[in-house]
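The values are calculated or read from the model by the stated rules, or taken from the named source; none is laboratory data. This is a predicted model, so every value here is computed, not measured. A quick note on method: Cβ atoms are made from the backbone with ideal geometry, for glycine too, and the neighbour counts reach across all protein chains shown.
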Amino acid sequence: MTPDGSHPVLVLFAHPALRRSQVNKHLLAAVEGLVGVEVNDLYQRYPDFDIDVAREQRLLLDHHVVVLQHPFYWYSTPAILKEWQDLVLEHGWAYGHNGRALEGKALMNVVTTGGPEAAYREDGVNRFTMRQLLAPIEQTARLCGMTYLPPFVVHGTHALTRDGIDREAADYRRTLEALRDGRVPPGRTEGLQRINADLDALLGG
């Protein structure tokens, strides 16, 4: 938390084919330039996957909320985010003996999927909920002493109209503003499958 009471947000953005993006580029545009929010485009900064670990760790230390924004590729993240986790979240720094650098911070996925929400249910074609499929990242957060927030999920991206995309982008901006300002009530997100299921109810209108 900063002296003014805000919670700086770091967006780790990972999209290997942004020019073909249906939704992610609009989500990103909605939060770029937002006060208290820093966007770190991993594919743009590290086209050869040569990640500057010291830089990335400094960014994590400087922010309270960490957002992993990415399309959902084969039930996981794009490759560079896995590489980022493998290199940046070092034993003895992020977890393990004396690894307390990230304690008390929050982590959230922002995920887009081509499939509809009904496909991500136990009786759906994908057999698991999105929250269940993101369990490895949730456990990573908990191992590092972080609070894992329900994901912000945009389903059915191929069928969205431009108005629908604009609504999702506006909701994304609202979500990051609320997290930055500490307006997401503790305990209110417990049990939610996705944080953007009903933002008005979550944020109090």
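For segment 31-59, which residues satisfy the criterion of being surrounded by 19 or more Cβ atoms within 10 Å (Cβ to Cβ) and touching a residue at least 40 places away in the same chain (Cβ under 8 Å)? Passing the criteria: Val31, Val37, Leu42.
Checking each residue in segment 128-137 for being in contact with a Lys or Arg (Cβ under 7 Å, 6 or more places away or on another chain) and surrounded by fewer than 21 Cβ atoms within 10 Å (Cβ to Cβ) picks out only Thr129. Only residues that are buried (at least 16 other Cβ atoms within 10 Å of the Cβ), β-branched (Val, Ile, Thr) and under 30 Å from His91 (Cβ atoms) were counted in segment 138-177, giving 1.
Here Asn109 passes the criteria (1) without any contact (Cβ under 8 Å) to a residue 12 or more places away in the chain; (2) under 19 Å from Thr77 (Cβ atoms); (3) of a type in the set (S, T, N, Q); (4) not in a helix (DSSP H, G or I) except the one numbered (1). Scanning segment 165-191 for residues that are within 14 Å of Leu149 (Cβ to Cβ), touching a residue at least 60 places away in the same chain (Cβ under 8 Å) and not aromatic (Phe, Trp, Tyr) turns up Leu176, Leu179, Arg180, Gly182.
Here Leu107 passes the criteria (1) under 22 Å from Val184 (Cα atoms); (2) at pLDDT below 95 except the one numbered (2). In summary, helices (runs of 4 or more DSSP H) completely within segment 113-203 and bearing 1 or more residues that are aromatic (Phe, Trp, Tyr) and within 15 Å of the chain's Cα centre (by Cα) occur at 162-180.
To keep it simple, each residue is scored yes or no on (1) basic (Lys, Arg); (2) surrounded by fewer than 20 Cβ atoms within 10 Å (Cβ to Cβ); (3) farther than 27 Å from Thr129 by Cα.
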{"site": "Leu68", "(1), (2), (3)": "no, no, no"}
{"site": "Lys82", "(1), (2), (3)": "yes, yes, no"}
{"site": "Leu87", "(1), (2), (3)": "no, yes, yes"}
{"site": "Ala101", "(1), (2), (3)": "no, yes, yes"}
{"site": "Gly104", "(1), (2), (3)": "no, yes, no"}
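(1) crowded, with 17+ Cβ neighbours inside 10 Å; (2) without any contact (Cβ under 8 Å) to a residue 40 or more places away in the chain; (3) of a type outside the set (Phe, Trp, Tyr): which one isn't true of Val125, the others all being true? The single condition Val125 does not satisfy is (1). Within segment 128-151, residues that are on the phi > 0 side of the Ramachandran plot sit with their Cβ atoms under 8 Å from residues that are at pLDDT 95 or above and outside any loop (DSSP other than H, G, I, E, B), at 6+ positions apart or across chains, in these pairs: Gly145/Tyr95. Summed over segment 66-89, residues that are under 12 Å from Phe49 (Cα atoms) and aliphatic (A, V, I, L, M) total 4.
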